[in-house]
Structure formats: structure tokens, C-alpha cells
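The values are calculated or read from the model by the stated rules, or taken from the named source; none is laboratory data. In this text, all values refer to a predicted model and were calculated from it rather than measured experimentally. Every residue, glycine as well, gets a Cβ built from its backbone with ideal geometry; the counts of neighbours run over all protein chains shown. Keep in mind that these areas ignore ligands, DNA and RNA; they rest on the heavy atoms of the full protein, side chains included. Shrake-Rupley method; radii C 1.70, N 1.55, O 1.52, S 1.80 Å.
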Amino acid sequence: MIGGMSRIVRTMTTLIFGFILVYGFYVIAHGHISPGGGFQGGAIVASAFALLLVTYGTDQIQSYLSKDLLSILESTGLVLFITFAFLGLGATFFYNFVSNSGGLFGSPTTIGVNPGDLNTGGTIALMNMAVGLEVLAALGVIVLTMSVAAETIQKKEKQ
Amino acid sequence: MKKPVFFIAFIFFLAFMVLAAIGMRPFGEPSISNMDDYFIENAQAETAANNVVTTIVFDYRGFDTLGEGTVLFTAVVGIVALFREVAK
Amino acid sequence: MSPLISITHIVILVIMITAAFLAVVLRDLLSSVIALAAASLLLALEYYLLHAPDVAIAEAGIGAALTMAIYIFAIRATKK
């Protein structure tokens, strides 16, 4: 079991992995018009990483998923989130200064039940992306660290 | 010796749970709904986003999300510090 | 609520309790973890039926997938 799981599980993982990633990034990007958001989409992307680690074992995946890169991404997401919060300080902390201003993510939405437009939401869409980046990197670091620790303990016991 | 104590405690717990279930309000009818009505009526016009839940999480109650991000960051720092000897 | 929806709620809750009971009773650790993940997925379905899709997505992602992965890593680190 140390080198991963059976051939059936590995084939299904290679088929399904890309679809899970695309769905996670879709949930992050459409957080302001459909159910979901940064936290949920980041959790879906991190579950794709967990699937990869469970299936293939740590040794083959460690060259693709770097812990240092994920740590940097996590800090970047949190700093971006606080930056967007501080940029609204013309009025208040966490003021939505982009919405209804006409620029990127700034067009107003139709009132009532409607399918929605991606170019709305103001800082909500930007904060969704920042929080999504943070959550996917944080949960990825947690899963990767625990997987590396588990394999190390198993190797030590085999000796 | 121990069993009657556990049994009496279980009866009390069950009685409280049943009483709470009987006294529960009908689904979807909170006692005070001023804040909910305000969010449902004005969220689309004020923040220009269709998903009202995301509007509350990232705009009206942004501090909550900031705290959640901080908690996640602290959890990652704790786990990396805990496993740094093992994963070497 | 229509009677069909109520019956669906009751069936899902009964299967959830069965899965949680199996997670406690089963001797094999991997089977126990899979029963726990099944209970978590059914909880996500219940959230969706109660019109909370945001919570349902979070529960399915964290409760079912990530928790199960971490349990599997813990089982890998232990001796049979």
C-alpha cells in the first residue's frame, strides 16, 4: 500500500482529477452569482489534491505539490483579502468600493430573480478569489504534511 | 453501582431533548426577522451580487470571514510545527 | 411540506444513523472510515434538501473528502 492503490483506482483518478479541479475553480469564480464561494471552492480543489495523495502515495506526488509554494500562496491569499478590506477605508473597513462603479466587476445587477452576470459584485468577487486561493493552499498544506508524516512513520517501522 | 446513575441521566437528557423538540418553532419562521427582510430586500441593490449568502459573508459580515481565515492560518502553522520533526 | 419530501427526510436520517452506528461497530478500520464518510455525504444531501446549498458543498468537501483522506493517512501510519 506504500506506493499507492490499485490500477483501477489510479485510472479513475487520472480521469476524474481534471474535472474536480475545473469544478472547484468554477465554484470560486462564480461565488457571487451561484451557491458556493471561496471557502467551498477551495475545499473542493484541496479534496482533489487529497485524492491524488491517497491514490498515488507521497513519493510520486511530492515533485508536483511543493509545500513551500503552497505556503506562499496561502499567505498571498490572506494578504490580498486584508488589502481589499483596507482599500475600502474611504468609507469603512470592508466597504464595497467597486460595486456599481462601472469598472471591472462593477456593473449593477438586475433586481429580482435573474440568472446573473459575471461582471457584478465588486469586492465580493475579488475577495472570493483571494479566500479561495488561501483555503486551497491551506488545506493542501495540511493534507500534504500529514501524508508525508504518515509515509515517513511507516518507512521507519518497516526498517 | 454505576448503571442506575447513567440510566437516570439518560432519562433526563431524553426528556429535555423531547421537550425542546415539542417547543420548536415551525421550519422557516423565526421569531424576529427584521434583519433577514432587510438583507433580502436591499442586498442586490447595495452590493450588486446575486448570491445573498455570499453578500452577507464577504460584505455585511466581513469581520467573520477575516476571523475564519485567521483560524485556518493558525491551524496550518500548528500542523506544520507539529509534524516538522516527523516529516524531516 | 409535501408528504414525499417528509418521507425522503426520514429515510435519509434513518440511513445516516445506521451509517454512524456501523462506523462505531465495524472492526475493520477502513470500512469504519467509509461508513463515516457515507454519513457525512447523507448529511450534505439533507442540507441540500433544507435549501442550504452553500453548507451542503462545504460539508461534502470537508466532511466527506478531506476528513476521510486524513483518516486514511492515519490508518497508513499505524500497524495492522
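Miscellaneous remarks
- For region B:14-31, the count of residues that are open to solvent by less than 50 Å² (accessible area, probe 1.4 Å), within 22 Å of residue C:51 (Cα to Cα), modelled with pLDDT under 90 and of a type in the set (S, T, N, Q) is zero.
- Filter result for the condition that a residue is part of a helix (DSSP H, G or I), of a type in the set (Val, Ile, Thr) and in contact with a helix residue (DSSP H, G or I) (Cβ under 6 Å, 6 or more places away or on another chain), over A:54, A:79, A:98: A:54
- Where residue A:116 falls short, out of the listed (1) at pLDDT below 90; (2) more than 7 Å from every other protein chain (Cβ to nearest Cβ); (3) in contact with a Ser or Thr (Cβ under 9 Å, 6 or more places away or on another chain): (2)
- In region B:49-64 there is no residue matching the filter, namely being within 24 Å of residue A:110 (Cβ to Cβ), open to solvent by 70 Å² or more (accessible area, probe 1.4 Å) and among the aromatic types (Phe, Trp, Tyr).
- Checked against (1) loosely packed, with under 12 Cβ neighbours inside 10 Å; (2) polar (S, T, N, Q); (3) within 12 Å of chain A (Cβ to nearest Cβ); (4) closer than 30 Å to residue A:99 by Cβ, residue B:34 meets all criteria but (3).
- Summed over region A:48-87, the residues that are small (Gly, Ala, Ser) and within 14 Å of chain C (Cβ to nearest Cβ) give a count of 3.
- Close pairs (6 angstrom Cβ cut-off, 6 or more residues apart or separate chains): closer than 19 Å to residue A:9 by Cβ in region A:36-59, open to solvent by less than 20 Å² (accessible area, probe 1.4 Å) and part of a loop (DSSP other than H, G, I, E, B) anywhere: A:55/A:4; A:56/A:4; A:57/A:4
- Scanning region A:113-145 for residues that are open to solvent by 20 Å² or more (accessible area, probe 1.4 Å) and charged (D, E, K, R) gives a single hit, A:117.
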